[in-house]
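FYI, it's all coordinate maths here, none of it is from the lab. Since this is a predicted model, take the numbers as computed values, not measurements. Because the Cβ atoms are built from the backbone with ideal geometry, glycine has one as well, and the counts that use them run over all protein chains shown.
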Amino acid sequence: MRVAVFSTKGYDRRFLEAANEKFGHSLSFFEARLDEQTAVLAEGHDAVCVFVNDRVDRPVLEALANAGIRIIALRCAGFNNVDLRAADALEITVVRVPAYSPHAVSEFTVALLMALDRRIHRAWARVRENNFALDGLIGRNLHGRTVGIIGTGRIGALVARAFRLGFGCEVLASDVTRDPELEAIGVRYAEPAELLRQVDIVSLHCPLTPETRHILNAAAIEAARPGLIVVNTSRGGLIDTSALIEGLKSRKLGGVALDVYEQEADLFFEDLSDEIIQDDVFQRLLTFPNVLVTGHQAFLTEEALEAIATTTLDSLTRAEAGEPLPLRLSAELVRA
Ligand code: NAD
């Protein structure tokens, strides 16, 4: 297949080209993000390959359909950036990589929380200045604390296990379906509101849907235990960032560790070190000493990049051969 790869970074190219030695597709790499203006680059291709912040809404899908694109391969798990109904209507197939490495994201989640909680980000900056004083670096043991996991799918279940079995935490969980294997190791399920009232730390692992958008809003923060630490490696839209900032200012929140941000599409994956950031909400967030932000890198391991590349190209090979596509997304997955 002739594949137009959008939002290409050096690492995408490296891993896709290596995996493609087995598949033999013709890959065109574009640094541009897919949107209404750049969709024209897809002309002359059969498929496009996109990432989390490419825009795959109705106007873009219409432009892609006009360019002759019949399949879109998401090299990620989340698909909140795709209008699946429009894709179905335009007879464009959408495939994704649902489980390239839940370990990559779950391990990063624990690392991010621990870095924040044990002040490793602040210690690193101090030591570089030959400041070895420990004042202000007092953390808390994880052992014995209560952690809430919202969404116990592939990633959330691994995070729950790490906290429960690895650190001896109490773990509360919230999900639309319960995982009996987690219950067997002592994880207790509760409604989200009840969970927030009881936990010291909450980690978000549900997908971004109309139901979960701003699941952590002002009311939820108000109802939470004072000193709550918030961790989000799922999708930025799960959190109302303004409410988060108010919670930090009032000290209701004890800390925030984020790998994702609601307006990240304007910022993440780019080197903006010489730019003036216009997003005042994001800039305010970075001013708090108890906030740690990374730029959507939880997935970024060698194992995950290899799996993403292989799975993506395999789906395209299957599509070309007219074979069933087990990783196809259909509009039924998204409720009205
Ligand atoms: P998954 O589909 O295996 O699990 C999601 C879980 O959320 C499911 O158990 C589902 O039942 C549950 N859920 C759905 N609606 C819910 C609700 N209203 N309340 C509570 N739970 C609900 O997905 P996964 O592979 O574990 O990935 C989780 C999320 O992580 C993805 O949606 C994606 O957005 C994000 N992600 C982020 C990165 C990153 O690099 N930061 C990488 C991969 C995935």
Between Ser330 and Ile120, take the C-beta separation as r, use R0 = 45 Å, and let me know the FRET efficiency to the nearest 0.05.
0.55
Note to self, the chain gives a 222 nm [θ] from helices alone (DSSP H runs n ≥ 4, -39500 (n - 2.57) apiece, / all residues, nearest 500) of -10000 deg cm²/dmol
Using Cα pairs under 8 angstrom and six or more residues apart, how large is the relative contact order of segment 206-332, in percent?
21 percent
Quick calc, Glu323 & Arg213: beta-carbon distance into FRET formula, R0 41 Å, rounding 0.05, result 0.70
So, with points 7 Å from each Cα along the Cβ direction, the Arg188-Ile276 label distance in nm works out to 5.3 nm
Excluding residues on the same chain fewer than 8 positions from Lys9, give the lysines whose Cα lies under 26 Å from its Cα.
Lys22
Which net charge results for the neighbourhood of Leu116, defined as the other residues with beta-carbon distances under 14 angstrom from its beta-carbon, given Lys and Arg at +1 and Asp and Glu at -1?
+2
For Pro226, what is the net charge nearby, where nearby means another residue's Cβ is under 9 Å from its Cβ and Lys, Arg count +1, Asp, Glu -1?
+3
Relative to the longest principal Cα axis of the chain, at what angle does helix 10-23 sit, 0 to 90 degrees, rounded to 10?
50 degrees
Most fluctuating residue given options Asn290, Asn53, Asn130, as computed from a GNM of the chain linking Cα atoms under 10 Å:
Asn130
Which whole-number percentage describes the relative contact order of the chain, with Cα contacts under 8 Å and a sequence gap of 6 or more?
18 percent
Among Leu300, Leu74, Leu292, which one moves the most in a GNM of the chain with springs linking Cα atoms closer than 10 Å?
Leu300
